[in-house]
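Notes to accompany the following structure.
Values in this text are rule-based calculations from the coordinates and carry no lab data. What you are looking at is a predicted structure, and each value in this text was computed from that prediction instead of being measured. In this analysis, Cβ positions are derived from the backbone assuming ideal geometry, glycine residues included, and neighbour counts consider all displayed protein chains.
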Amino acid sequence: MDKTMMRSRNWTWMMLTLALLLPMSILHAQPLTADIYQAAQNRAVQQILVSAKSQDPILRANALEAAESLPNRISPLVQQALMDNEEVVRYAALLTIGKLKLSGVAANARQYLNDPNESVRAAAIFALARNYGTNVGNGYAVDISPMAGMLMSNNPTTRANVAYLMGLMGNDSAIPMLKIAARKRLPTPSQAREVIIRVQIAEAIYRLGDTEVLDSIRAGMFSQFDEVRILSVQILGRLYDRQWEPAIENALKKDPIELKLASAGTLGRFGNRKGLDIILDAAQSQSILLRSQAAICLGMFRNEPKATQMLIGMLTDQAETVRLAAAAGLLGGGRDGL
């Protein structure tokens, strides 16, 4: 979209404010001008910066993911997050360093190789490996062997996080140990959680080149557990499995609403707009969680004026979670993978 300012900045902000205060039925009748779009993007950037300092550590971590589309802002935000007291934020910072190959701050990851949290230590290895490699002859390289032990952790969150990082690292020598981890039972998790972790590990294996696991991810769409079905649909979107598109379209008709939204978002990744109306309805739900999920899904439809207009309206939602999700959706941050 052309971002050239065609009118005065004062007029732009006045029109944006009016648009955000009007009912959505009226907003849809307003033309989406370049000025309004640019002003909304600026507002989205400011929301990310505000959420990066939120009292809620989850919002601080999510703000980093949303900031992936802001190359001129991301490094200072990562440096700030590395000093956070909450491990979820430190993990997000190190993950970002690795995903985006932020060489300017990558050296800072080395001090987290001894972090008290296993997921943070694994993310530090990931960040260093992505930026400096694993060749022992390179003085800046990192030894990735500790990740093997972490992958077999009895902590389900640690196991899932390490599998995800291995999938992003691109080293197919990890495939055998990932398959072992998928078979290893956890001591006390719910059955649903155990299945979720197996599906997450399957995604990592697929990313490393073993496409035979795709059928197990597809099978997750028919699980007895809603969480597994929802996750499987999201993963099929991330892996761009268009062969399974008819099944995903069919999931638009199935409860719960979270599954419908996940299916609509995945179809949006494919350029298929069949689920857009479901997302637009959910964006006006009384549920903060549904509005947040809808905002992320609308980000897959940013070429659709109705989706963009809804996202602009959601930037003034009462819930910060929704405002941040709308900002990410509008700017394209946090779309998973590398």
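For the reader, a short list of remarks on this structure follows.
- Dipole magnitude of the range 149-241, debye to nearest 20 (Cβ charges: Lys/Arg +1, Asp/Glu -1, about Cα centre): 280
- Only one residue of 294, 228, 72 has its Cα farthest out toward the positive end of the dipole of the chain, where Lys and Arg carry +1 and Asp and Glu -1 on Cβ, and that residue is 72.
- Here the Karplus curve 6.51 cos²θ - 1.76 cosθ + 1.60, taken at θ = phi - 60°, turns the phi angles of the range 67-76 into couplings of 7, 4, 8, 10, x, 8, 10, 5, 4, x Hz, with x standing for Gly and Pro.
- Under the convention that each Lys and Arg Cβ holds +1 and each Asp and Glu Cβ holds -1, the size of the dipole of the chain around its Cα centre is about 320 debye.
- Among 151, 70, a tally of other beta-carbon atoms within 10 Å of each Cβ gives an order, fewest to most, of 70, 151.
- Long-range amide H partners of residue 275 with built H, under 5 Å: none
- Rel. contact order, % - alpha carbon contacts under 8 angstrom, at least six apart, the chain: 15
- Counting every pair of alpha carbons in the chain, the share spaced more than 24 Å apart comes to 58 percent.
- Rounded tilt (10° steps) of 87-99 against the dominant C-alpha axis of the chain: 90
- Folded to 0 to 90 degrees: helix 226-238 orientation relative to the chain principal axis, Cα: 80
- In the chain, lysine pairs with alpha-carbon atoms under 17 angstrom apart (chain gap of 8 or more, or interchain): 4
- Close amide H contacts of residue 333 (hydrogens built in the peptide plane, cut-off under 5 Å, sequence separation of 5 or more or a different chain): 69.
- On Cα atoms only, tilt of 57-66 relative to the major axis of the chain in degrees: 80
- Difference of contour (0.36 nm per residue) and Cα-Cα distance, residue 55 to residue 302: 86.0 nm
- Label zone (residue 179, point 7 Å along Cα-to-C-beta; backbone nitrogen cut-off 19 Å) within the range 129-162: 148-149, 151-152.
- Cα pair count fraction exceeding 21 Å, expressed as % - the range 155-290: 44
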